[in-house]
1. For His213, list long-range residues whose amide hydrogen, built 1.01 Å from N in the peptide plane, is under 5 Å from its own amide hydrogen.
2. Normalised by the empirical 2.2 N^0.38 Å for globular proteins, what value does the Cα Rg of the chain take?
3. Which whole-number percent is the relative contact order of the stretch 155-242 (Cα, under 8 Å, 6+ apart)?
4. Tell me the accessible surface of Trp97 in square angstrom (1.4 angstrom probe, heavy atoms of protein chains only), to the nearest ten.
5. Pulled fully out, how much extra length does the chain show between Glu256 and Leu334, if you take 0.36 nm times their separation in residues and subtract their Cα-Cα distance?
6. Using the Karplus equation 6.51 cos²θ - 1.76 cosθ + 1.60 (θ = phi - 60°), what ³J(HN,Hα) coupling, rounded to whole Hz, does each residue of the stretch 337-342 give in order, writing x for Gly and Pro?
7. If the elastic network links every pair of Cα atoms under 10 Å, which of Pro114, Pro21, Pro330 fluctuates the most in the Gaussian network model of the chain?
8. Tell me what the chain gives for mean residue ellipticity at 222 nm when only DSSP H runs of n ≥ 4 count, each as -39,500 (n - 2.57), the sum divided by the residue total, rounded to 500 deg cm²/dmol.
Amino acid sequence: MPQVTVEHAIHGPLHLNNGQPYDYLIVGAGFAGSVIAERLAAGLGQNVLVVDRRPHIAGNAYDCVDEAGVMIHRYGPHIFHTNAQRIVDYLSRFTQWRDYSHRVLARVDEHLVPIPINLTTLNTLFGLDMDEDQAQAFLASRAEPVADVRTSEDVVINQIGRELYEKFFRGYTRKQWGLDPSELDKSVTSRIPTRTNEDDRYFTDTFQMMPLHGYTRMFERILDHPRIDLLLGTDFRAVRDRVQYKQLIYCGPIDEFFDFCFGKLPYRSLRFQHETLAQGRLQAVAVVNFPDPAVPYTRITEYKHLTGQEHARTSISYEFPCAEGEPYYPIPRLENAELYKRYSTLADNTPGVTFLGRLGTYKYYNMDQVVGQALALYQRIEREHSSSAPTGELEIR
Ligand code: FAD
Ligand code: UDP
């Protein structure tokens, strides 16, 4: 995989691709940019340049070994889960997998209890010994029906009532988003179900697993194609006028691309505090959540649970949500969706550029959804190619 640094030719044009224009310039080497780059190169024989302003590939899914030799996820815990066989099939070309079912505990009232709330959570918190039917009746008696469920507060109150909402959701959400759940779209807390059985898995998707040798290794293989060139540590703005290309696929923030002409789209950021401890294990599961508003962080992740690595020490990270910094989370609420719509309309009227991914389309997408979005874009491009190419011109794969 050719890697070039931009410093060699900081003034004037970059002589890449033998001086020929690239078919595609792709901004962002995360899931969106890497998957579409691989498809265009391997599937359609296109010459592609991928740039990323970070010094590494894999976007937010980047993992690496820390100073102690423990594998960590630089940007917080990334657990692969999906119901889509075709997405598993696609990624399985580039990685083997390790079975992993994610489990999370929440610290509430001095207890460590499963979240999503399940039978164990309820019995532990309330000192009861209910069975499944009794737990259903218990929740039904506490639920406060909301006629028109619109916000992230409505969803939870409607299902489990105010007391459990306050214990598990209100404080966590206020910290995570800097907003009250009543100010967020219902889709946010709808991600977390409520159960009355003992299932303590965080996700119930058909496929739940981790790339056996990590995400970064998987991305190295996705991008390892002779038609893909890669420039790391390079902002799009540093190359936009210095390389030639026919089409642009932009996986960075859409508002930044358009110089914030309609104003800034809000994103939520995080500060990660990484630590290595002189002990083999810290906590029983990979992630412990802290809904208590008095605790400044939202969760602690212990990476060895995710990776299965054996090591005498263990590495963890605390997550401190913040307003400024890397744009990690688009914030789902009506006024932001409306502002995004203005940008997406402008994008539709800007020839030569397509927006993709969590930042490019301002969607709170999981990894599998971004892969799905990239594969769908590829199918569209492939159809356009086959309808515009004279018969016989396309390579048969
Ligand atoms: P990104 O991974 O953000 O990649 C975009 C890339 O574009 C970045 O590397 C950035 O540097 C680059 N870029 C932006 N602007 C420019 C520019 N101007 N010039 C050059 N480069 C630029 N999903 C799951 O499925 N499971 C999980 O467990 C999970 N956990 C998560 C935990 C956290 C803390 C976060 C923040 C996200 C999590 N996600 C999870 C979501 C997952 O990270 C995203 O779905 C996925 O990474 C999105 O891929 P992407 O390519 O769209 O964006
Ligand atoms: N949430 C909460 N308490 C929890 C876990 C989640 O209030 O213990 C809410 C919170 O608003 C969070 C949302 O549910 O942002 C979605 O949680 P998820 O774990 O899916 O968030 P992510 O992994 O994307 O940060």
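1. Gln96
2. Dividing the Cα Rg of the chain by 2.2 N^0.38 Å gives 1.07.
3. Relative contact order of the stretch 155-242: 19 percent.
4. The accessible area of Trp97 comes to roughly 60 Å².
5. Net length gain for the segment: 26.1 nm.
6. Values per residue, Gly and Pro as x: 4, 5, 5, 4, 4, 5 Hz.
7. The residue that fluctuates most here is Pro21.
8. Estimated from H runs of four or more residues: -8000 deg cm²/dmol.
The values are calculated or read from the model by the stated rules, or taken from the named source; none is laboratory data. Computed from a prediction, not measured in an experiment: that's the story for all the values here. Virtual Cβ from ideal backbone geometry, glycine too; neighbours counted across all protein chains shown. The accessibility values were calculated without ligands, DNA or RNA, using every heavy atom of the protein model including side chains. Shrake-Rupley method; radii C 1.70, N 1.55, O 1.52, S 1.80 Å.
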